[in-house]
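Single-structure report; data block below.
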Amino acid sequence: MDPIISVIPLPGDCVCVRLIGEFDLAAAHALRHHLRCAIALTPYVAVETRGVTFLDCSCLGVLIWALGYALERGGGLCLVGPAPPVLRLLNMTETNQRFRSCPDLSSAMEIMG
């Protein structure tokens, strides 16, 4: 499935970047672009990954970059509903401790608000 990236403004000072599909090297540039735009709106970003069916290291690198970019701007980044492929890669690369994780958007907005 081709990747789908949606940027959704949320109440308060938060934005959701919803990811659906396969995120590999071919999707990394678009993912970085959307995350950069989202963080330009507000540095509080919830990345919803429930619909991710595949995530490779290039896109994980983009998520790590986005986390750092959001933190530099005084915000944060939270993974919402991490799908099994996302959790598997986070655990394999031992980057799971770098990201906050929430079961749903309401929880993400509470932690970041």
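Kindly evaluate VAL17 against the criterion of being under 22 Å from LEU105 (Cβ atoms), out of contact with any His (no Cβ under 8 Å at 6 or more places or on another chain) and modelled with pLDDT of 95 or more. Answer is no for this residue.
Residue count for region 23-40, restricted to those that are charged (D, E, K, R) and either free of Cβ contacts under 8 Å to residues at least 24 places away in the same chain or surrounded by fewer than 17 Cβ atoms within 10 Å (Cβ to Cβ) (or both): 2.
The sole residue among THR49, THR53 that is closer than 17 Å to ILE111 by Cβ, outside any helix (DSSP H, G or I) and touching a residue at least 12 places away in the same chain (Cβ under 8 Å) is THR49. Residues in region 95-103 include none that are of a type in the set (A, V, I, L, M, F, W, C) and touching a Phe, Trp or Tyr at 6+ places or on another chain (Cβ under 9 Å).
Of all residues in region 75-86, those that are closer than 12 Å to TYR44 by Cβ have Cβ atoms under 6 Å from Cβ atoms of residues that are modelled with pLDDT of 95 or more and assigned to a helix (DSSP H, G or I), 6 or more apart or on another chain, in GLY76/ALA70; LEU77/ALA66; LEU77/LEU67; LEU77/ALA70. Going by what's in this entry, would ALA70 be described as surrounded by 16 or more Cβ atoms within 10 Å (Cβ to Cβ) and touching a Phe, Trp or Tyr at 6+ places or on another chain (Cβ under 8 Å)? Yes: the conditions hold for ALA70.
The values are calculated or read from the model by the stated rules, or taken from the named source; none is laboratory data. Because the structure is a prediction, the values reported are computed rather than measured. Note: ideal-geometry Cβ built from the backbone for every residue, glycine included; neighbour counts use all protein chains shown.
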